[in-house]
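Structure, as structure tokens:
The values are calculated or read from the model by the stated rules, or taken from the named source; none is laboratory data. Because the structure is predicted, anything quoted here is derived from the model rather than measured. Cβ coordinates were reconstructed from backbone atoms using ideal geometry, including for glycine residues, and neighbour counts include every protein chain displayed.
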Amino acid sequence: ADQATAVLIIMQQPGRQPARDPISLAAPTPYDLMCSDKLMSYMAVASPQENDEEQQKRQRILYSIGELFKDWVRSVCLSKEMPEEVANNAGGLLLTSGSYRLNLNERGIDIDTICVAPKMVTRQDFFESLKVILEDHDDVENLSAVETALVPIITFDFEGVNIDLLFAQLPLDCVPEDMDINDDAILRGVDQATEKSLNGPRVTNRIVELVPNREAFISLLRCVRLWAKRRGVYTNKMGYVGGVNCNILSAFICQMYPNASPAILLERFFFILQDWKWPTPILLTPQYDAGLGLQCWEPHIRDVMPILTPAYPSMNSMAAASWATLEVMVYEMGEAHKKVRAALANNGEGWEAVFDPTDFAVSHSRYLAAEIFVQDVPEHDRVRLLQGWSGLCESRLRGLVERLMQRLPIKQMRLMPKKLPLLTPQAEARAQGGSGIAFLIGLDLDASRINGSKLDMSWRVHEFKDEVYAAATRSGLITETITKEQLRFRVSCFNSWRDLPPPAFESMGGIDAATTARKARRKERRRQRAEEIPTFDRSQEYGEEDMGYALEIEPSSEGLRMGGGEQWGETDPASGIGLMGGGGLIGSGGESIDQGRGVKRSAECEDDDEERPGKMSKVEEAEAKAEEGLPAHDLLGEAQSAPPPSASARPSGKAIRLNLA
């Protein structure tokens, strides 16, 4: 009776009750359980969990870091000439959050950790002395520190396990092992970075308290995470869902269906969220004010997809979402829901279709590659600068997409949040050590909105680069000795999915699998048109109506210059062949030389109806005739003055030329 009373008292406290009543309390049927068993059997292979030995290794690593941290706290106190008794009692606490704290136990996941220190130990000490200790540790590799981030962080690999280390400073003389971090009073008098750091484990704890069935919640969460990663909608800083967002959304569905099996929960997840009326917020528990003066979430015009954290102070964990990324996620949820329903209707067979890798690399008519690297920097500092510069650019790439979509006739742009190696020979040649990272952006034009003789994106790219370089200056990456000419952000254009280099297709299983996927998509489109099925046409989302437009490149001696003096392409002085924005070469003989795969394809081969639609509607034919004799549309450059290439080198359809003059 005493225990029941205690539970009732806890449930009556703010933040301990669900925000909504359940939709259904129905128990799972034998059929539901059978489908769920097959789903989890698939997950055991597709997303294996760690064995006991691997879990013990993580526990040992955390113990080592915790002991190292407490020894460091004591040494800092002594270095500041504090009494030995004070130093011995200062304590220190190492907390975990996120997936590890939830016991998700997926192989390869990183561990989010928070060092909680007393008031005598500062964040400056953390980045000066503890960072040095970690750098000198035999088991630590790939250490990178970002001191100027909203939540400063040190990230490193400890015995091969990735650790994200945050710092929290409490206004206390001692941080005991048994401190209750769930008590809102722990946030009294802390700075913003400490508040956000502590809210990691506090949010995780509150999620666990608010889910009715933890086992079902973990099963659903594992499925959602795998789906998001495979479909290219996982990475919070790029505007897609991240770890905490998946945690909250999965917990929300579990609250709505507290007795459902994992298979039904997965179906309900996609069913509910594909039609959610954003920006109506999703929250697990009603917001409350603990009276500490901390700012809680309030509706704002910039909110697109508010997913609120359940711990005080409540925050929008999806503040990075944009209408473009929301559109992508809603579409992917709709497609996933169809596949889940199909598996449930087929005795729980065919779950692999839900988790098929994204066909992003063959879904758009053309692509931009954002390449990030450093050059001419001191070799001993190259890794640190590359990590810092890459991280800074990554966190702002969604802003590039938003800028490019503003007031331009673009139907769809999609940023794929998957790191790739450098994709063009030009970047590889200029990058120090030949190393760097790249991200692909799929691009489709809206033919009905294209007017005039050019489509110039260069000034928006220039604006974006200026913004990133300004951020690099504020963060200390750009200094008196390191200039923006040494930190490079380069954009390249690929005229077609065919021009992408092999790394772009690795997640799909290679170029052959990508070609098969492309043909299947076109076949399905033709079938739907023949049957006049009034269903959502993916080409309208990812845009194939502009496939009749062919990107062409004019020879020049200087290359296409973007903001900051970056050259997109260069021209071989001997042959006069213009480099194709990283995607390939166009010569005078009508051949396209694919640099990524080293093969030649004739213009006739590129124009085959199976892969590149050459047939134009009557409207398109009229537009083409009207445009005869006019300057071609110019993507990313100024109006063309040079004569067009020979007919043999020009694919059929309307031309959008890249200016290299």
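Report yes if GLU177 is assigned by TED's automatic domain parsing to the domain that holds GLY98 and in contact with a helix residue (DSSP H, G or I) (Cβ under 7 Å, 6 or more places away or on another chain), otherwise no. When the stated conditions are applied, GLU177 does not pass them. With the structure loaded, tell me whether GLY239 is touching a helix residue (DSSP H, G or I) at 6+ places or on another chain (Cβ under 8 Å) and buried (at least 21 other Cβ atoms within 10 Å of the Cβ) or whether it fails that test. In short, yes.
For the subset of region 374-415 comprising residues that are crowded, with 18+ Cβ neighbours inside 10 Å and small (Gly, Ala, Ser), which member is modelled with the highest pLDDT? The extreme case among them is SER390.
Summed over region 274-305, residues that are under 17 Å from ASN236 (Cα atoms) and either under 17 Å from the mean Cα position of the chain (by Cα) or not in a loop (DSSP other than H, G, I, E, B) (or both) total 3. Within region 306-351, if we keep just the residues that are crowded, with 19+ Cβ neighbours inside 10 Å and over 25 Å from the mean Cα position of the chain (by Cα), the residue that is nearest to MET405 (Cα to Cα) turns out to be PRO313.
One residue is enough: does region 195-209 have a residue meeting the conditions closer than 27 Å to ALA168 by Cβ and more than 27 Å from the chain's Cα centre (by Cα)? Yes - at least one qualifying residue is present in region 195-209. Set side by side, the residues ASP157, ASP138, ASP164 differ, and just one is out of contact with any Ser or Thr (no Cβ under 8 Å at 6 or more places or on another chain), assigned to a strand (DSSP E or B) and either in contact (Cβ under 8 Å) with a residue 40 or more places away in the chain or among the charged types (D, E, K, R) (or both), which is ASP157.
Note on region 443-461: residues that are surrounded by 17 or more Cβ atoms within 10 Å (Cβ to Cβ) and either modelled with pLDDT of 75 or more or of a type in the set (A, V, I, L, M, F, W, C) (or both) amount to 10. Considering region 306-326, the residues that are outside any loop (DSSP other than H, G, I, E, B) and touching a strand residue (DSSP E or B) at 6+ places or on another chain (Cβ under 8 Å) include one that is nearest to LYS237 (Cα to Cα), namely THR325.
Residues of region 288-298 that are loosely packed, with under 11 Cβ neighbours inside 10 Å and closer than 19 Å to ALA321 by Cα: GLU298 alone. For the residues THR424, THR483, the requirement of being over 25 Å from LEU150 (Cβ atoms) and without any contact (Cβ under 8 Å) to a residue 40 or more places away in the chain singles out THR483.
Yes/no matrix, rows are residues, columns are (1) hydrophobic (A, V, I, L, M, F, W, C); (2) exposed (fewer than 14 other Cβ atoms within 10 Å of the Cβ); (3) assigned by TED's automatic domain parsing to the domain that holds ARG101; (4) over 23 Å from ILE61 (Cα atoms):
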residue: THR155; (1), (2), (3), (4): no, no, yes, no
residue: VAL161; (1), (2), (3), (4): yes, no, yes, no
residue: PHE167; (1), (2), (3), (4): yes, no, yes, no
residue: ALA185; (1), (2), (3), (4): yes, yes, yes, yes
residue: GLY200; (1), (2), (3), (4): no, no, yes, no
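Each residue in region 398-420 was checked for being of a type in the set (A, V, I, L, M), in contact (Cβ under 8 Å) with a residue 40 or more places away in the chain and over 15 Å from PHE360 (Cβ atoms), and 4 pass.
Within region 75-98, the set of residues being touching a helix residue (DSSP H, G or I) at 6+ places or on another chain (Cβ under 6 Å), crowded, with 20+ Cβ neighbours inside 10 Å and at negative phi comprises VAL76, CYS77, ALA90, LEU95, SER97.
If you go through region 462-499, how many residues are among the aliphatic types (A, V, I, L, M), surrounded by 14 or more Cβ atoms within 10 Å (Cβ to Cβ) and in a helix (DSSP H, G or I)? Before you say what the answer is, go through the steps one by one.
Initially, region 462-499 is screened for residues among the aliphatic types (A, V, I, L, M), giving 468, 470-472, 477-478, 482, 487, 491.
Keeping just the survivors that are surrounded by 14 or more Cβ atoms within 10 Å (Cβ to Cβ) gives 468, 471-472, 477-478, 482, 487, 491.
Next cut, in a helix (DSSP H, G or I) only: 468, 471-472.
Residues in region 462-499 being among the aliphatic types (A, V, I, L, M), surrounded by 14 or more Cβ atoms within 10 Å (Cβ to Cβ) and in a helix (DSSP H, G or I): 3 in total.
Pairs are defined by a Cβ separation below 8 Å, a sequence spacing of at least 6 or placement on different chains, a first member in region 428-447 that is without any contact (Cβ under 8 Å) to a residue 40 or more places away in the chain, and a second member that is among the hydroxyl-bearing types (Ser, Thr, Tyr); no pair meets this definition.
State all residues of region 167-197 that are in a loop (DSSP other than H, G, I, E, B) and touching a Ser or Thr at 6+ places or on another chain (Cβ under 8 Å); if no residue qualifies, say none.
Result: LEU170, single match.
Only a single criterion out of (1) within 15 Å of ALA369 (Cα to Cα); (2) touching a Ser or Thr at 6+ places or on another chain (Cβ under 9 Å); (3) not basic (Lys, Arg) is not satisfied by VAL491, namely (2).
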